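Heads up: the structure comes next, in structure tokens.
We did not get these values from a lab; they are worked out from the coordinates using the rules stated. This structure is a prediction, so every number in the text was calculated from the model and none was measured. Positions of Cβ are generated from backbone atoms using ideal geometry, with glycine treated the same way; all protein chains shown enter the neighbour counts.
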Amino acid sequence: MEKIKINMLSSADKIDGQGVGSAYLEQVRLIKEGAAELFTVTLNGSKKCDILHLHTVEPRNYVKMKMSHAASVCYVHFLPDTLDGSIDLPMPIFKLFKKYVISLYRYADYLIVVNPIFIHALENHGIPRKKLVYIPNYVSKEAFYQKPRCEVRALRNAYDIDENAFVVIGVGQVQTRKGVLDFVETARCLPDITFIWCGGFSFGRITDGYEKLKKIMENPPQNVKFLGIVPRAKMNELYNIADVLFMPSYNELFPMAILEAVNLHLPLVLRDLDLYEDILFHKYLSGKKNETFVSQIRSLKENAEVYAQSIRWSEEISEFYSKENVLNMWITFYKRVYREHKQKLEIKNSRSIKKE
């Protein structure tokens, strides 16, 4: 059987610190390494292909999709409503961009969602259920893993963090939606615990809440470190330094940081969001208020049983999102797309011949 040709379209990896870029790189690596005998994968290519897979929504990708005769697949890394709290644009421009995104989603032959909770939201935008497919994100266990204790001690020293400190890590772009303000306020209530935030202003000055967040980054509490945008190759070091992942985001799809952290079996403290329930199986601590976050983090530090249980939960999440499981989902999906598109072309050609 001839290999199925897939052209991946994305610019997500051009800016460090974006979960979309991490998801793109992981998915491409997974297909290239795990199914090389079935698929030929090109990145931002111009030659004829069987499947055009859009990872990002810039206009040039939309144009390529409209001009191509290939089957089109679009990754839904965000919904229009999830952009609120991320970027600060004039309302007319913001509304226009949201309409553009929905238009692109409607045009694609298939949409991949990383969280099943968003299927209903897309249906409300007039997108047929048969076009929607759930395939979760994936993170390589070769890239994110626990390092030996001696290396962790050296890393803590390199980042000027006390060897015996209890460390809470937050990961993501610095923006209102990510709950950075709550992260800092929680840290203020726990002065004996070290908090580090990995991420910066990937969108620059159009980031929602830019001025307020910039002031906090420049003058944080003594127990808070803002490390700025961290290259993904360095993130495994920082997870190894940490004892807990704390993500107080107000809106997410499926943060790559969670999958990265559970590979190291870090306990999770998350905001209580419906979207986590079906993908993390209630195996995390959660709350809606900073007071709850303070209590949970304090409990993880002081109660060995609570900490051990949280480690087991993260280990179970990591095992569920295994390479073999997610790879099989992609193989099944791409074969289906190729088969159904081929059938459509055959029917179309048959009708053309009859007309002649």
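For a straight C-alpha distance cut-off of 15 angstrom, the aspartates and glutamates reachable from Lys178 (same-chain residues fewer than eight places away being disregarded) are Asp81, Asp84, Asp88, Asp208, Glu252, Asp272. Net length available on complete extension from Val152 to Glu58 is 29.8 nm, with 0.36 nm assigned per residue and the Cα-Cα distance removed. This model, with +1 at the C-beta of Lys and Arg and -1 at the C-beta of Asp and Glu, gives segment 128-241 a dipole about its Cα centre of some 700 debye. Diagonalising the gyration tensor over the Cα atoms of the chain and scaling each eigenvalue by 5 before taking the square root yields semi-axes of 39, 23, 18 Å, largest first. Remark: spin-label model distance Lys48-Ser11 equals 2.8 nm, labels positioned 7 Å along the Cα→Cβ axis. With both labels modelled 7 Å from their Cα along Cα-to-Cβ, the Ser140 to Glu346 distance reads 3.8 nm. Spherically averaged projected area of the convex hull of Cα atoms, segment 164-266: 6.4 nm².
Each residue, Asn219 and Lys288, gets one label point 7 Å from its Cα in the Cβ direction; the gap between the two is 3.3 nm.
Over segment 217-344, calculate the relative contact order: mean separation of alpha carbon pairs under 8 Å at least 6 apart, over the residue count, as a percent.
Answer for segment 217-344 is 21 percent.
For segment 149-320, with only Lys/Arg (+1) and Asp/Glu (-1) charged at the beta-carbon, what is the dipole magnitude about the Cα centre, in debye rounded to 20?
Working: 20 positive and 24 negative charges, 113 e Å.
Rounded to the nearest 20 debye, it is 540 debye.
Could you tell me the calculated FRET efficiency between Ala308 and Met67, based on Cβ-Cβ distance and R0 = 56 angstrom, to the nearest 0.05? Before the final figure, lay out each step's value.
Details: r = 56 Å, r/R0 = 1.00.
Efficiency for this residue pair is about 0.50.
When you restrict to C-alpha pairs under 8 Å that are six or more residues apart and normalise by the size of the chain, the relative contact order lands at 17 percent.
Dipole size of the chain about its Cα centre, with +1 on Lys/Arg Cβ and -1 on Asp/Glu Cβ: approximately 1900 debye, rounded to the nearest 20. Label reach from Ala36 (point 7 Å along Cα→C-beta): in segment 302-335, amide nitrogens under 18 Å belong to 324, 327-328, 331. Across all directions, the average flat footprint of the convex hull enclosing the Cα atoms of segment 227-356 is 12.0 nm². Each listed q (0.10, 0.18 Å⁻¹) maps to a log10 I(q)/I(0) for segment 149-320 from the Debye sum over equal C-alpha point scatterers, namely -0.34, -1.22.
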